[in-house]
Structure formats: structure tokens, C-alpha cells
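These notes are about the structure you will find just below.
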Amino acid sequence: MKKEQTQTISCFMVPEHLLEGSGLEQEDALYFHVTDGCVLATKSQMTAMDTVTLVESLSRITVGLLTRLVNATDPCDQCFPNCWERDEPVTIPSRVLMEAGIPSDAKLDAKVSDNDGILVSQAPYRYDLHDVSEDLQLILAESGACLMQLDELLAGEAMIIDFDVDDLCGERAT
Ligand SMILES: [Zn+2]
């Protein structure tokens, strides 16, 4: 996970309609928290109450996103740890990967070959459940998600959220 960077942009003007309901004003100096897949604009100075409000807002967003993940799978009442039998990821020395032309960060598949050896090859996907922290796996499993199905969604890079951006663009044009 990328470390969060922060940045203040004093000349950046957020459209007024986007600030509606946020408690932020166009003249506020905004602080930008930049992290994986997210740019979050907050007040650059916050009271304890402002901070509590922000924590609660982020919690609601987090719960909403977790709910999307849970709802993307069918209910599974015996998922953790039974549904998802976690094999250790296959690891091969980087010099051998390099000789085989396989990127060092690629996922690997292993299977028994015809002559009783083990054949290791690059997996045809970039992500799987090993990319999800054990803490988050536990939260998702306890919330009713099927981790085996989540593994398939990750490998297939399935789109599970589609915010209605077109409506927002229409709103901005008016
Ligand atoms: Zn399951």
C-alpha cells in the first residue's frame, strides 16, 4: 500500500456545487490527502469537532465501500477459514524468474507436470486474495462475503462499483 502524501494547493477552486453539504467554503484553504485511488480534500485547519465529523464521514464511506464488496459476492455462511483454503503464494528465486522472462511481481501458478515434476508458470491474473490484508479479509468474511468469490472477482478485475458520473457532468453543465 502506498504511503499517504499530503499537499496544499491554494489556487485550486472546487466548484461550488461539489462543496454543497460538505461544510467547506470556496474561500477555505484546502488540504489534499493523496493516497492509492483517492484524493481527499479537507479543511487545512480543523477543530476537534471538525476532526470528529471527518472521521465519522470517512467511516460512513468506508462502510459503504465494504458493503459494495460484500454484496458483490453471494452470501457464504462458512467462508472463513473454510471456504477460502489459503495456499501460500508460490515463490521462485528472482534470477530464475528473470531467466524465464517472468516479471518478479507476477503471480505464479504451480501444477504437477507429466514427468512428476512441478511446473511453475505466470498466472493469467494480476490480483488475488493474497493482495487483501488478513484484517480486511476477516472483516469481509464476518460481514458475510464469500472470500472464494472475492478471489475470483479480484482475479477477473470485475467492475463492482459504477458511480453515475454522467449525471454529475450534466449537473455541472447547468
Ligand atoms: Zn464462501
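Just to confirm the filter: which GluC sites (Glu not before Pro) across region 19-60 are DSSP coil and have at most 16 other Cβ within 10 angstrom of their Cβ?
Of the GluC sites (Glu not before Pro), the ones in loops of region 19-60 whose Cβ has at most 16 other Cβ atoms within 10 Å are GLU20, GLU25, GLU27.
Modelled spin-label separation between PHE163 and MET13, with each label point placed 7 Å from Cα along the Cα-to-Cβ direction: 2.3 nm.
Relative contact order of region 46-173, taken over Cα pairs closer than 8 Å and 6 or more residues apart, is 32 percent. Within the shell of other residues whose beta carbon sits under 9 angstrom from the beta carbon of GLN122, the net charge comes to 0, with Lys and Arg scored +1 and Asp and Glu -1. Each principal axis of region 46-173 carries a Cα extent, and these read 64, 40, 32 Å when sorted largest first.
Protection proxy ranking for 111-123, 29-41, 144-156, using the average of other Cβ atoms within 10 Å per residue and placing the highest first: 144-156, 29-41, 111-123.
Taking the Cα centre of region 46-173 as reference, the dipole from Cβ charges on Lys and Arg (+1) and Asp and Glu (-1) amounts to some 260 debye. Judged by the mean number of other Cβ atoms found within 10 Å, the most tightly packed of the peptides 58-64, 136-142 leads the ranking 136-142, 58-64.
Rule-based calculations on the coordinates, nothing more; no lab input. Keep in mind that this is a model prediction, so the values were computed, not measured. Don't worry about glycine lacking a Cβ; one is built from the backbone with ideal geometry, like all the others, and counts go over all protein chains shown.
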